[in-house]
Amino acid sequence: ATVPPIRWNFLAWFLIFAGMAAMDPFIPVLVDSLAGGADSATVIGTLLAAYGLLMGVATPIAGRLADRLGAERIFLLAAPALALISVGIGMAWSIPMLAVLVMMRAIPQASTAVVLYSHLAKVVPVRYRGPVVSLTPMPRNIAWFVGPGLAAAATGFGLAGVFFVAAALFGGAGIVAVLMSRASKPAYCPLPRPICA
């Protein structure tokens, strides 16, 4: 945690998963509110199944892009994209619009975990990689109660408030992405050059 690239990486894990934890429980609530007289249970199941399928397809593609373009660059794109899409979801006024936004979210969301692991693999020496990677559930687990708590508090401003909170968390991850990218450059990295390059 004292090595800047690792510190920013762990903070990124927290913010991304807090955004997910804030948003995901309320997607079905939003679907139900927009569905009107339609069978909202069927809509929810279909929408989330399609989202999961698209994430499954996008994950290995994100891994290849991280290898070619750099994990930090992919994360620099994914986090702000998630923030913008979250705002859009909060402002969605119809099921088709919501469905498009949820599908758009799947691609950057699928890339986040892949690129954060890729980043750790790059900046952590091999002998320390196992212990460091084994700690990544810690910020994620903390996020799973912080995110919903913030979202629940935001419902006082209406359902849209939940998605604006998620957008703020993803936006914070975007700021961290910049710091993580700078800290991971060989000129700034405190680890041996072959590892940071």
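Quick check, is residue 85 assigned to a helix (DSSP H, G or I), within 19 Å of residue 159 (Cβ to Cβ) and out of contact with any Asp or Glu (no Cβ under 7 Å at 6 or more places or on another chain)? Give the steps one after another, and end with the answer.
Working: assigned to a helix (DSSP H, G or I): yes; within 19 Å of residue 159 (Cβ to Cβ): yes; out of contact with any Asp or Glu (no Cβ under 7 Å at 6 or more places or on another chain): yes.
Yes, satisfied.
Residue-wise test of (1) aliphatic (A, V, I, L, M); (2) crowded, with 22+ Cβ neighbours inside 10 Å.
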residue: 15; (1), (2): yes, yes
residue: 22; (1), (2): yes, yes
residue: 40; (1), (2): no, no
residue: 59; (1), (2): no, no
residue: 65; (1), (2): yes, no
residue: 68; (1), (2): no, no
residue: 76; (1), (2): yes, no
residue: 97; (1), (2): yes, no
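No other residue among 52, 161 is buried (at least 17 other Cβ atoms within 10 Å of the Cβ), of a type in the set (Gly, Ala, Ser) and modelled with pLDDT of 90 or more apart from 161.
All of (1) within 30 Å of residue 180 (Cα to Cα); (2) in contact (Cβ under 8 Å) with a residue 40 or more places away in the chain; (3) open to solvent by 70 Å² or more (accessible area, probe 1.4 Å) hold for residue 91 with one exception: (1).
Out of all the residues in region 40-49, is one or more touching an Asp or Glu at 6+ places or on another chain (Cβ under 7 Å), assigned to a helix (DSSP H, G or I), small (Gly, Ala, Ser) and at pLDDT below 90? Checking region 40-49: at least one residue is touching an Asp or Glu at 6+ places or on another chain (Cβ under 7 Å), assigned to a helix (DSSP H, G or I), small (Gly, Ala, Ser) and at pLDDT below 90.
The values are calculated or read from the model by the stated rules, or taken from the named source; none is laboratory data. Computed from a predicted structure; not experimentally measured. Methodologically, a virtual Cβ is constructed for each residue, glycine included, from the backbone with ideal geometry; neighbour enumeration extends over all protein chains shown. Quick note on the areas: whole protein, heavy atoms, side chains included, nothing else; ligands and nucleic acids left out. Shrake-Rupley method; radii C 1.70, N 1.55, O 1.52, S 1.80 Å.
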